[in-house]
């Protein structure tokens with residue numbers, strides 16, 4: 001069950017990753033909340049910045065999402 005242990009270890013990093021990207025997460029959430037009916041490409045820029053932050057932070061912690 002090595003794969004299960006690796007997954008659990010990755011999940012332990014999630015709070016740290018999200019905390020480091022809180023600014024981007026807040027901007028994305030604010031954009032989504034402004035919309036009455038969120039469409040496919042609404043808030044695309046904000047989501048892109050949030051996703052990039054998550055990926056860079058995960059890479060700096062030597063883990064993956």
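See the values below:
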item: Entirely in the chain, the helices (runs of 4 or more DSSP H) that have 2 or more residues that are more than 13 Å from the chain's Cα centre (by Cα) and modelled with pLDDT under 95; result: 2-20
item: Residue within region 30-48 that is under 24 Å from residue 63 (Cβ atoms), loosely packed, with under 13 Cβ neighbours inside 10 Å and out of contact with any helix residue (DSSP H, G or I) (no Cβ under 8 Å at 6 or more places or on another chain) present; result: yes
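The values are calculated or read from the model by the stated rules, or taken from the named source; none is laboratory data. Since this is a predicted model, take the numbers as computed values, not measurements. Counting neighbours? That spans all protein chains shown, and the Cβs are built from the backbone with ideal geometry, glycine included.
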